[in-house]
Amino acid sequence: MQITFATNASEGLHAAALEQIGHLGGEGTLLFLQTRKKGVQRGVAGAKQVYGDDLVQVLLWTGFTYKAIIERSQRKLDEMLTTGTIISDLTKAAHDHGDGGANIADSSAAIQEVQAWFGRILADPKQKDEGADEGPESVWEPLEVNGVKVPLCRVYRGTARPGDPRAPIPGHIYVQGVKLGEKVVEASTNGRWKAESSHKTIAKDILRSWLPVGLYAQYVLDPGITAHLVAGKGAGNHAVAAGVPVDPEAIRKLFKIA
């Protein structure tokens, strides 16, 4: 079975930024999609509400493993550490974010924990090429959009696993990539959930946003409700026509390693 959607073919866009991302290795592909985010449920039993389930249009660059983007993020962080100002810069950014209680100790701890997180992921033998198990007997098949194969994005054709909420869903599309831009088409009725975060957690979130991993995104798409899926060069022009904001220079700087 092949999952296919209509696409349009035209010129690519933002070549300089995509070249930087392309250094992650593999053959990259643009992918435009529209989907509703899963969001989070909060509240007491019987009165829970969903927050953050925006309907969005997204432009992704696919074609690399999660491990590859973690490796690139580690290299970027190592480069930032050589400047000698990252701790003070992170503390200032936390204050600018509205966290008036942030201090040098919080920033230092945040950096150390992000470094340790990278180390655990890179040492995990399970972090492999997500497309390596795709073969005649695999329960996964490559995603193909009107003849364009989208690398490392797949369709699950195995069986359902009742009782396991984390199990893949038969027929659903599993997409991962670097998020180049996102447009909210319809905001969540209940808005975003605002959780109380520690100073260190806020610093870690800001630090990740300064690294390539900050643009990593993954989506589970139900082909029955996914309005648009466009792959290849035409995806860029489709995103431009839809008004998806993309800042190629910001993306280039994020991925550029001296």
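The values are calculated or read from the model by the stated rules, or taken from the named source; none is laboratory data. Being a predicted model, the structure only gives us computed values, none of them experimental. As a convention, Cβ positions derive from the backbone with ideal geometry for all residues, glycine included, and neighbour counts pool all protein chains shown.
A few comments on the model shown:
- Verdict on ALA109 being part of a helix (DSSP H, G or I), at pLDDT 95 or above and in contact with a Lys or Arg (Cβ under 8 Å, 6 or more places away or on another chain): yes
- Looking only at residues in the stretch 203-212 that are out of contact with any Leu (no Cβ under 7 Å at 6 or more places or on another chain) and either at pLDDT below 85 or in a helix (DSSP H, G or I) (or both), the one that is farthest from GLU186 (Cα to Cα) is LYS204.
- None of SER198, SER188 is at pLDDT 90 or above and touching an Asp or Glu at 6+ places or on another chain (Cβ under 6 Å) except SER188.
- Residue match in the stretch 162-172 (condition: in contact (Cβ under 8 Å) with a residue 60 or more places away in the chain, surrounded by 12 or more Cβ atoms within 10 Å (Cβ to Cβ) and at negative phi): no
- Unique residue being among the hydroxyl-bearing types (Ser, Thr, Tyr), within 27 Å of LEU18 (Cα to Cα) and either out of contact with any Phe, Trp or Tyr (no Cβ under 8 Å at 6 or more places or on another chain) or assigned to a helix (DSSP H, G or I) (or both) when the list is THR91, THR83: THR83
- LEU215 being touching a Leu at 6+ places or on another chain (Cβ under 8 Å) and either at pLDDT 90 or above or not basic (Lys, Arg) (or both): yes
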